[in-house]
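A short write-up of the structure that comes next.
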Amino acid sequence: MTASPAGSLQLLVGLGNPGDKYAGTRHNVGFMALERLAAAAGVPFKHQAKLHGLFCEVGQGANRLRLLMPQTFMNDSGRSIRAALDWYGLAPGQLLLLVDDMDLSLGRLRLRASGGAGGHNGLRSTIAHLGGQDFPRLRIGIGAPSANPVERKERTISHVLGRFQASEQPILGEVLAEVSSGIDLIQRLGLERAANRLNSFGAPSAAKLVDAGAPAKPQASSAASSPAPSRPSP
């Protein structure tokens with residue numbers, strides 16, 4: 001991983017789909033992470049037409065961060081991100097993208113300085129609009145619907161557009177808290193040193209859930225039949 005110097009992080013982007021029917025779904029965990037940060041700072045998001053998204057700023061001076069939730073739907077996320085980088089005169093390396101990852105179990109995180117889309121349409125759109133893969137991303141595990149490839153493919157849409165079960169809420173809370181702590185680490189210590197912690201993180205409640213047995217089938221969202229969602233990263 002190429003080290004990112006401390007203080008270089010300027011823009012946080014959480015990926016998701018806009019609208020109440022998508023709120024709280026697994027595909028929107030990037031939104032959830034930013035909403036937690038904004039709520040902790042007591043700052044509301046406001047719609048910015050020029051950025052095609054909801055936007056706010058938290059912190060002051062060198063610690064100020066711009067938070068963006070694209071409202072373009074997942075498949076066109078890159079348009080909003082490109083607009084924000086251009087408006088504020090930022091380079092892709094000053095961005096951190098928060099994105100769901102179906103190949104990571106719930107409770108795990110992966111911080112990378114660059115990489116491909118891996119089948120995730122939000123990442124694919126971002127790569128296309130930024131003209132390359134060299135931008136940091138924090139993948140937030142949401143788990144897969146099945147280990148069987150055929151079942152996984154059949155259930156992908158209903159899974160990513162499903163909401164977290166009650167038994168998974170403690171894990172989600174621990175993950176979002178670690179994401180907030182990890183962003184602070186990136187600001188203070190840089191990408192590489194923050195990755196040492198984030199990539200070894202495992203939510204304590206996840207181990208308890210495994211010990212108690214596999215969770216029930218995820219709750220499906222009524223939005224599962226909508227054409228708006230994209231595939232998650234495999």
**Request:** Kindly list the number of the only condition in (1) open to solvent by 50 Å² or more (accessible area, probe 1.4 Å); (2) in contact with a helix residue (DSSP H, G or I) (Cβ under 7 Å, 6 or more places away or on another chain); (3) of a type outside the set (S, T, N, Q) that fails for M32.
**Result:** (1)
**Fill in**
In the set A117, A144, A62, A91, the lone residue that is in contact with a His (Cβ under 8 Å, 6 or more places away or on another chain), of a type in the set (A, V, I, L, M, F, W, C) and over 24 Å from D20 (Cβ atoms) is A144
**Asked** When you go through G107, G93 one by one, which is the residue that is at pLDDT 95 or above and closer than 25 Å to S158 by Cβ?
**Response** G107
**Request:** Kindly indicate the residue of region 63-74 that is more than 17 Å from R137 (Cα to Cα) and out of contact with any Gly (no Cβ under 6 Å at 6 or more places or on another chain) and also least open to solvent (accessible area, probe 1.4 Å) among those meeting that condition.
**Result:** T72
**Request:** Please enumerate the residues belonging to region 149-169 that are within 18 Å of the chain's Cα centre (by Cα) and more than 23 Å from M74 (Cα to Cα).
**Result:** E168, Q169
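The values are calculated or read from the model by the stated rules, or taken from the named source; none is laboratory data. Please read these numbers as outputs of a predicted model, since none were measured by experiment. Please note: Cβ atoms are built from the backbone with ideal geometry, for glycine as well, and neighbour counts cover all protein chains shown. Ligands, DNA and RNA are excluded from the accessible area calculation, which covers all protein heavy atoms including side chains. Shrake-Rupley method; radii C 1.70, N 1.55, O 1.52, S 1.80 Å.
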